[in-house]
1. With a ≥ b ≥ c taken as the square roots of the eigenvalues of the C-alpha gyration tensor of segment 318-476, please select rounded if a/c is under 1.5 and otherwise prolate if a/b is larger than b/c or oblate if it is not?
2. Under a cut-off of 16 Å between alpha-carbon atoms, report the aspartates and glutamates in cross-link reach of residue 38, not counting same-chain residues fewer than 8 places apart.
3. What is the distance in Å between the Cα centroid of segment 409-476 and that of segment 283-304?
4. Can you send over the solvent-accessible area of residue 33, 1.4 Å probe, protein chains only, in Å² to the nearest 10?
5. Report the gain in length on full extension from residue 34 to residue 188: 0.36 nm times residue separation, minus Cα-Cα distance, nm rounded to one decimal.
6. What translational D, rounded to a whole number of µm²/s, comes out for segment 262-329 from Stokes-Einstein when the hydrodynamic radius is the Kirkwood one over Cα pairs, at 25 °C and 0.890 mPa s?
7. For residue 361, list long-range residues whose amide hydrogen, built 1.01 Å from N in the peptide plane, is under 5 Å from its own amide hydrogen.
8. Could you derive backbone 3J(HN,Hα) for segment 259-271 from the dihedral phi with the Karplus parameters 6.51, -1.76 and 1.60 (θ = phi - 60°), listing whole Hz in sequence and x where the residue is Gly or Pro?
Amino acid sequence: MKTAMRVLLPALALLAQGSAWAEDNWYVGIGYHATELKDAESRLNLDTPVTCFALPGGEQQCNVPVGDDSNTLLILFPGPGGLESKPFDISYDNGDGFNLTTGFNFRGMLRAELEYRQADSDVDKIDSQDAGDQALESKALMVNMWFDFNESGTVQPYVGLGVGASELEFDGSDDTVLTGQVGVGVNFAFNEHWMLDAGYRYFTADDPDYDQTNGSLSSDYEGHGLLLGLRYNFDPIKRPAGDADGDGVPDDRDRCPGTPRGAPVNADGCADSDGDGVVDIRDLCPNTPPGTPVDESGCPDTDGDGVPDKRDLCPNTPPGTPVDAAGCPDSDGDGVADNVDACPGTPAGQPVMSNGCGVNQSAILQGVNFEFNLYRLTPSAEVILERVADALKDSPGFVVQVQGHTDSAGTEDYNYRLSTARAKAVRDFLIKKGVESDRVTARGFGESQPIADNRTAEGRASNRRVELRVLEQRQE
């Protein structure tokens, strides 16, 4: 305790002098404590002989010096370390003392505090007998955490708790014990730096043991305290802000405090001439008609999809529809507009090629046809495959498989060979157009995977198809 005081008191002196670290949210305080200790249940253990009288059952009635060398009449019985008394109470008169504090106000409600407290309480009775001129002196060093309410108001209630150590001295003997406390109170701010602190504390500690000339005394330590203190805050207490420029935004939230009176402003108090919610200094379209939806740059965005009208290729997208960077519907959110997305059901977050297809997805190459019963591509098919080649070159790392399919006309073996030849023809064309050969494979499935009824002309036309399936995405 003495070492702690040698550290604490110079620190408080430095704060009081306005030292370099006594700034921002630090404070110091001093206060008066009125203390009421609860009756302490106690027990005496004797290791030296005393004057005793035998009682039935092995107990003895003894005149024992307890505090101030006065003889107190106690009932004792044999114990492991000698004679041991039955529990008895030590009662105290109300005491008083003082405390010194230093603390830090964090942002928000939390306040941390280091407190030194000292108090004296006279002993009233020892086992209902007059105690003589005895007192219990306590010195405590506590670390407290308080939660302040209404921090910017005049009246600031608080609650909290603390833990620390107490040095308790009784009859020339002392013991240091772990101590805890809880408290409530109210701070009254009567100017921007000074506060009056009125509070209540309940404290308790481990049982102290006091050495006696003929043994040891074990006793409780628990009580209540009322505090009246004065606190100085180095940082001025924050008061409710005014509105110096009259724009309707309090000064403590006004990011543009010099706005001319009458000028339209946004929620931050900054000028917003067209009232679109975007401040003039960031508004790329400062003359937007009132009520027109805008994007974050202040430019008109009629359909509210986040893409300004001047860049929106699909300006009438229904509200709430996911769109790509050009403002066109993109139902699966893969960055490829629905009107060019060959795989519109891609799972969220899955990487895709520029045609919207990801791993384990297939796209039917519509319009890729062959001359009758041959595997030679038609001119219109080559035009389509040129776009497919561009998509593959724009999507490095993706490995695909060209899959050929036929209807059920002809033999199964013939259809397998024809579908394989057609798949290879498509692969060869893509490679010729610049796609790496190790990224494209070909496979024929013949008539084994129909997607429509082969008994109708429409069904057979659907089954005669070429698909592009994404197999994997290599790490580049």
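The values are calculated or read from the model by the stated rules, or taken from the named source; none is laboratory data. Everything numeric in this text was worked out from a predicted model, so none of it was measured. Here the Cβ positions follow ideal geometry from the backbone for every residue, glycine too, while neighbour counts run over all protein chains shown. Surface accessibility is based on the protein's heavy atoms, side chains included, excluding ligands, DNA and RNA. Shrake-Rupley method; radii C 1.70, N 1.55, O 1.52, S 1.80 Å.
1. Details: a/c = 2.08, a/b = 1.51, b/c = 1.37.
Prolate.
2. Within the straight-line limit of under 16 Å, residue 38 reaches these aspartates and glutamates: 89, 93, 96, 120, 122, 124, 127, 137, 206, 207, 220, 222.
3. With segment 409-476 and segment 283-304 each reduced to a Cα centre, they are spaced 49 Å.
4. Looks like 10 Å² after rounding.
5. On the way: separation 154, 0.36 × 154 = 55.44 nm, distance 1.95 nm.
Gain in length upon complete extension: 53.5 nm.
6. On the way: Rh = 12.4 Å.
Answer from the Stokes-Einstein relation: 199 µm²/s.
7. Sorted by chain and number, the residues that satisfy this are 470.
8. 4, x, 4, x, 6, x, 10, 8, 5, 8, x, 9, 4
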